[in-house]
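Here the structure comes first, spelled out in structure tokens, and everything after it is commentary.
None of the figures in this text is laboratory data; all of them are computed from the coordinates on show. Quick caveat: nothing in here was measured; it's all calculated off a predicted structure. Virtual Cβ from ideal backbone geometry, glycine too; neighbours counted across all protein chains shown.
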Amino acid sequence: MKHLIRRGLGVALAVVMATGLLSSCGSDYDPVQDIMGYKGSTVLFTVNGQDVTAEQYLFWLAQQADTTYSYASMMQSDDSETSFWDTKVDENSDETIADQVKAAAQNYAAMYSVVEAKGKEEGYSYTSEDKASYQEDLATAKEQLGGEDAYAKYLKSMCISNKGFEHLSSVSFIHSHMVDGMFQDGKENAPTAEDLTQYAEDKDLLVAKHILLLTKDMTTGEDLSDAEKAEKKAKADDLLKQLQAITDPTELESKFDELMKANSEDTGLESSPDGYVFSAGKMVEAFESATRSLEPGQLSGIVESEFGYHIILRLDPATSKAFRENYSSAKLREMEQQWVDEADIKTTETYDNLSVADFYDKLTAYRDSLNTDADQAEEENQQVEQDTGDENAADSNADAAGDGTDANTDANTDADANADADAQTDSADADKSDASNAADTTTDTQDTGDSASQAQQ
């Protein structure tokens, strides 16, 4: 379920600072109030007696409406007399696109409700460690979205507050704990080796690890030089020889892991240290074809793809940690959907009267206002910078003028002193004072970062 939150952001899991991220509008702002005219805490329906509020539901409605509108609106004729949202999804059904979107959003909101309730029943909760992980993801989310203001704008545009989004994210952590706990050996839902093998066959899933030596600069997309490629190939050959020298199959994966961690240039290794689980078409063709040609536990030769040189170890679904996690997540999602299907859902009048078309019109207008406000803020910032620059220039001119006046005064004073000295030969020595000006210079520096892409489609 954590992937749902990540998908909502379009970049990585967005998170919220405990101190309040939205400095411009405070931590208790309510976009639902701004958009719909009623509070985000308004109950729209209950799931097994548990309240689902407007902001908990409208976040999903906004997401579903965005996805559906961007795709399906392209399929509608401009001369259609039927509005987009009133279009029938099937000529044999009275269900409209609006009905479908509204129901899909309700399903997501209900699923989060039942997962939270079931998780707590089983003793799973949002821990302090989860909170720390959540906080670590914040910096990445803000950077990817363009900073705090951009993050604030995103949350507003999705009809949810800081607190509301953190609550959604906390449920995703509970889901993860359930995946880890409910399918452990000895538990009722623990899979057998046969379960795992059969699931892999039914879903046509492969699982493999690889050592990747890149022959492409992933920052620029440019191929490395022939000399550099030759060095990578020689290194790949050496690694392969080390692995082929292992005669005990039980030691192969351990040695593979050791060399993979020390040498692989796959940027996905950190997030997928136990290997990749994938179906047809999800990996580059050379990688998938080579994996399919292997038996579980078998090592490939050097496989060349558009990204570089791979050494692949196909894994047995029955013993692979990565595959077991994939299986557990899929099975829990099936259970969660069953919980939703069996849940007692009671809607309120506010929900029943909610029009998807009206909501999306209001949301679109609200987003336009956010963009306008952002543009105005940018113009104001530019004006402030210009005004500041003008003031600094004026100050510099004033300082220059002052220096000139001081110089003239000093010159006249020196002339008077010399005249007095000539007139009075036995007078006391005249005191003299010198002045000097100093200028400070500053040098701006800018940090740059490198990024790399995974050798995955």
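A few points about this structure:
- In Hz, Karplus ³J(HN,Hα) per residue of the range 122-138 (6.51, -1.76, 1.60; θ = phi - 60°; x = Gly, Pro): 8, x, 9, 8, 7, 8, 5, 5, 4, 4, 5, 5, 4, 5, 5, 6, 4
- The ellipsoid that matches the Cα gyration tensor of the range 206-316 has semi-axes, each √(5λ) in whole angstrom, of 21, 17, 13, with the longest given first.
- Here the 3J(HN,Hα) profile of the range 185-202, calculated from phi with Karplus coefficients 6.51, -1.76 and 1.60 at θ = phi - 60°, is 4, x, 8, 4, 9, 4, x, 8, 4, 5, 4, 5, 5, 5, 4, 4, 5, 5 Hz, Gly and Pro shown as x.
- Table column - 3J(HN,Hα) (Hz), the range 317-322, Karplus curve with 6.51, -1.76, 1.60, x for Gly and Pro: x, 5, 10, 6, 5, 4
- Other-chain or far-sequence residues with amide H under 5 Å of residue 267's (modelled H): 455
- Net lengthening on full extension, residue 194/residue 294 (0.36 nm per residue, minus Cα-Cα): 34.0 nm
- For residue 216, residues with placed amide H under 5 Å, excluding near neighbours: 224
- Protection proxy ranking, peptides 47-60, 259-272, average beta carbon neighbours within 10 Å, highest first: 47-60, 259-272
- Distance (nanometres) between label positions extended 7 Å along Cα→Cβ at residue 125 and residue 148: 3.1 nm
- In the structure shown, the pairs 156/216; 229/261; 142/235; 153/209; 203/229 are assessed against 29 Å; a Cα-Cα span above that value is assigned to 156/216; 142/235; 153/209; 203/229.
- Peptides 211-224, 176-189 ordered by average Cβ neighbours within 10 Å, highest first: 211-224, 176-189
- Amide H to amide H distances under 5 Å link residue 190 with no residue, where only residues 5 or more positions off or on other chains count and H is placed in the peptide plane.
- Most to least packed among 246-254, 320-328, 64-72 [average Cβ atoms within 10 Å]: 320-328, 64-72, 246-254
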